[in-house]
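K.L.:
One structure follows; several queries about it will come next.
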Amino acid sequence: MTTLEQLYQAVIDGKNKDARALAQRALDEGANPGDIVDKALVPAMAAVGERFKSNEIFVPEMLVAARAMKEAMGVLEPRLVAAGITPKYTALIGTVQGDLHDIGKNLVAVMWRGSNFRVIDLGSNVPATKFVSAINEHRPHLVGLSALLTTTMPAMVETVRAIRSAGCPPVKIMVGGAPISQQFADEVGADGFAPDAASAAEKARALVESA
Amino acid sequence: MEPRERYMAVLEGGRPDMLPRMPILMQFAAEHIGSYYGAFASDHRVLVEANLRCAEEFGIDQLSAISDPYRETAGFGAPIEFPRNGVPICLKPPLEEDPDLARLSRPDPLKAPRMRDRVDAVSAYKARAGGRYSIMGWVEGPAAEAADLRGVSNFFVDLLDDPAYASALMARCVDTAIDFARAQVAAGADTVGIGDAVASQVSAKLYESLILPHERRLVAAVHEMRARVRLHICGNIRHLLSGIASLGLDIVDIDHMVSLAEARRVLGPNIVLAGNVDPVACVMRGSPEAIASAVRQCYAEAGEPFMVAAGCEIPASTPPANLAALCRPIVPR
Ligand code: B12
């Protein structure tokens, strides 16, 4: 197996120390840091997302894979920055006000990072005003809203409205969470919906690339 | 039959006059009597009044002490905030940054205020309606409480990184769950509900090797107290059913994404299945007729022994006529 193949496998298996060492070894062997991201890390996270979607792995396995990717990125980032390679797109994500569920939102953030977005995570129980001020501050290409409770779906409606209002820069909006559907996304005027984290990554790329 | 007799009849393999109705009420009950969730979760008098009135009005056979996930977490020292119309919020999981178990005290259920409040709820049920209704106490299961103490993501990573630690943490949670269950049984609970929903998010392998042994110890301890056990793991638990079959439960709640027929096949003929009408799509948004027919469909799929319930909590904005439809009497075949 090549170093990149081993790195790919280490991320899938959630072996964070190996992932770090292998990323370093790949650099030492002369690999281009951007290629390491594109040929090992991004495909590894895509594979992890697919396995999660088909119930081969569950939330814990996905979290350790994400951590392994983060470790590898820690090694690569200084070189990426030095080479002027930064993620092309920025995304913001959070769970809407009144809602404390953050596991699903965290997994979406993981998959977005895994497909090479810079992700700013606002956490859970985030008021609409905080989304708006963060959009003004970070000027993201994409914002993701998560809601797990039927009682917080109105807060999602409210947040979309606030983001679309005057004074907030234009941004693509994606919504998701167990009770959210494509129909609901259309009704509230979001640009996209995805039922799981792997699809959320595909959809996110499609949205920002079409903008 | 009185509600409690009907409930016991099913558990003892006898024939009830109608199927027991066991929906889980929280925010709905609070708002139905003109109160609010924050009061329901922080003052047992509101919880007791709300559940008693709903039981009388809708025909519910069990009075429950469930309210929110953070009674024990507060006992372990976490700061909890009570929004007026929302679920209490744990401001900081006590072991989030520093996992050291030595920092964890063993709360006394009669002294820790939020735990005591639940024990008081059970005593009040007993005093006001003890012989008439079944009374269910409530404790958090090992995975749920461990996740509340560590933060869910940290706990999930612990399960893979440091199974010995995760297990030691769950053992501490079960010690407290047993203490808490004992206090509630002493106060008059005939049944103890165990909520362990986060377990739905782990693989069968992790569940069976790490979580199940702790659940088993808790179930056995409650049985030693001569109380019944109702397990509640909402969400999709198809992959956990064969492990759950080994717990020796009296009642298991089945959420709407799991087939009752499959649950019956895997869990065997003796366990009571409760469920699994979709709480949102059907109970909250459906018509009374659709709900009544969904309940009959559930009964047909589950077979005996069976109790009527939605897959999880009755959502707050459910029209009262819909809850009444869920509770419409069904004479067993
Ligand atoms: C874990 C959990 C909790 C934990 C949350 C811990 C945490 N830090 O997240 C705790 C114990 C705190 C909790 C509390 C409550 N919970 Co809860 N909880 C769950 C549970 C068990 C799992 C949710 C979960 O994490 N799923 C796993 C993730 C991976 O799935 P997911 O969130 O759907 O995310 C995926 C997709 O939806 C999508 N996605 C998610 N977000 C986004 C965002 C975008 C932009 C996109 C594109 C996609 C996307 O991608 C994700 C990954 O594939 C579910 C039941 C269940 N078993 O499913 C109930 C559940 C969500 N909870 C429920 C309820 C009612 C509550 C409480 C009100 C209970 C109570 N009365 O105390 C409180 C509310 C607290 C609050 N104010 O938020 C109900 C919600 C019912 C409803 N539809 O309204 C559920 C469905 C249980 C049930 N069957 O009734 N809960």
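The values are calculated or read from the model by the stated rules, or taken from the named source; none is laboratory data. Predicted model only: the values in this text are computed from it and were never measured. Glycine gets a Cβ as well: all are built from the backbone with ideal geometry, and neighbour counts include every protein chain shown. Remember, those area values only see protein heavy atoms, side chains included, never the ligands or the DNA or RNA. Shrake-Rupley method; radii C 1.70, N 1.55, O 1.52, S 1.80 Å.
K.L.:
Summing Lys, Arg as +1 and Asp, Glu as -1, what charge do residues with Cβ under 11 Å from the Cβ of B:E301 carry, B:E301 excluded?
P.N.:
Summing Lys/Arg as +1 and Asp/Glu as -1 gives +2.
K.L.:
Whole-Hz Karplus ³J(HN,Hα) for the range A:131-145, in order, using 6.51 cos²θ - 1.76 cosθ + 1.60 and θ = phi - 60°, x for Gly and Pro?
P.N.:
Working through the residues one at a time gives 4, 4, 5, 5, 5, 4, 6, 9, 6, x, 7, 9, 10, x, 10 Hz.
K.L.:
Show log10 I(q)/I(0) for the protein assembly as shown at q = 0.13 Å⁻¹, two decimals, from a solvent-free Debye sum over equal Cα scatterers.
P.N.:
-1.33
K.L.:
Let me ask something else about it. With label points built 7 Å along Cα→Cβ from the Cα atoms of A:A166 and B:L101, find their separation and express it in nm.
P.N.:
A separation of 6.1 nm, rounded to one decimal place.
K.L.:
Which of the trypsin sites (Lys or Arg not before Pro) found in the range A:78-169 are loop residues per DSSP with 12 or fewer other Cβ atoms within 10 Å of their Cβ?
P.N.:
When the trypsin sites (Lys or Arg not before Pro) of the range A:78-169 are filtered for loop state and at most 12 Cβ neighbours within 10 Å, A:K88 remain.
K.L.:
Rolling a 1.4 angstrom probe over the protein heavy atoms, how many square angstrom per residue are accessible across chain B?
P.N.:
Per residue, chain B has an accessible area of 36 Å².
K.L.:
Which of the trypsin sites (Lys or Arg not before Pro) across the range B:1-103 are loop residues per DSSP, with 16 or fewer other Cβ within 10 Å?
P.N.:
Filter output for the range B:1-103: B:R84.
K.L.:
Can you list the aspartates and glutamates whose alpha carbon is less than 15 Å from that of A:K53, not counting same-chain residues fewer than 8 positions off?
P.N.:
Cα-Cα hits under 15 Å: A:E61, A:D196, A:E202.
K.L.:
While we're looking at this one, here's another question. Applying the Karplus parametrisation 6.51 cos²θ - 1.76 cosθ + 1.60 with θ = phi - 60° to the phi angles of the range A:197-211, what ³J(HN,Hα) value in whole Hz is obtained for each residue in order, glycine and proline being reported as x?
P.N.:
5, 5, 5, 4, 5, 4, 5, 4, 4, 4, 5, 6, 6, 7, 6
K.L.:
For chain B, modelled as a GNM with alpha-carbon contacts under 10 angstrom, which of B:D175, B:D162, B:D68 fluctuates the most?
P.N.:
Residue with maximal mean-square fluctuation among B:D175, B:D162, B:D68: B:D162.
K.L.:
For peptide A:55-62, compute the average count of partner chain beta-carbon atoms within 10 Å of each residue's beta-carbon.
P.N.:
Neighbouring Cβ atoms belonging to other protein chains average 6 per residue here.
K.L.:
What average number of partner chain Cβ atoms lie no more than 10 Å from the Cβ of the residues making up B:149-161?
P.N.:
Per residue, the number of nearby Cβ atoms from other chains is 4 on average.
K.L.:
Among the listed pairs A:K15/A:K88; A:K17/A:K172; A:K88/A:K203; A:K70/A:K203; A:K203/B:K205; A:K105/A:K172, which are separated by more than 25 Å between their Cα atoms?
P.N.:
As for pairs spanning more than 25 Å Cα to Cα, those are A:K15/A:K88; A:K17/A:K172; A:K203/B:K205.
K.L.:
For B:L210, what is the net charge nearby, where nearby means another residue's Cβ is under 15 Å from its Cβ and Lys, Arg count +1, Asp, Glu -1?
P.N.:
Net of charged neighbours comes to -3.
K.L.:
Okay, moving on. Would you give the gap between the C-alpha center of the range B:186-213 and the C-alpha center of the range A:26-50, rounded to a whole Å?
P.N.:
A separation of 39 Å, based on Cα centres.
K.L.:
OK, next. State, to one decimal in nm, how far the label point of A:L27 lies from the label point of A:T2, with both points 7 Å from Cα in the Cβ direction.
P.N.:
Once both label points are built, they end up 2.0 nm from each other.
K.L.:
In whole Å, what is the distance between the alpha-carbon centres of the range B:58-84 and the range A:130-178?
P.N.:
For the range B:58-84 versus the range A:130-178, the Cα centre distance is 31 Å.
K.L.:
Along the Cα→Cβ direction, 7 angstrom out, place labels at B:Q297 and B:S259. What is the inter-label distance in nm?
P.N.:
Going from the B:Q297 label point to the B:S259 one covers 1.4 nm.
K.L.:
If R₀ is 25 angstrom, what is the calculated FRET efficiency for the pair B:N236 and A:K17, using the beta carbon separation as r and rounding to 0.05?
P.N.:
Once rounded, the FRET efficiency stands at 0.15.
K.L.:
For B:V266 and B:E56, calculate 0.36 nm times their separation in residues minus their Cα-Cα distance, and state this gained length in nm to one decimal.
P.N.:
Taking 0.36 nm per residue and subtracting the Cα distance, the gain is 72.1 nm.
K.L.:
Still on this structure, I have one more. With an 8 Å cut-off on Cα pairs and a minimum separation of 6 or more residues, tell me the relative contact order of the range A:89-210 in percent.
P.N.:
It comes to 29 percent, rounded to a whole number.
K.L.:
Another question, then. Could you give the longest part of chain B that holds none of the GluC sites (Glu not before Pro) found in DSSP loops with at most 16 neighbouring Cβ atoms within 10 Å?
P.N.:
The segment B:98-333 is the longest one with no such site.
K.L.:
In chain A, which longest range has no GluC sites (Glu not before Pro) that are both DSSP loop (not H, G, I, E or B) and surrounded by at most 15 other Cβ atoms within 10 Å?
P.N.:
It runs A:57-211.
K.L.:
Once you keep just the Cα pairs under 8 angstrom separated by 6 or more residues, what percentage relative contact order results for chain B?
P.N.:
19
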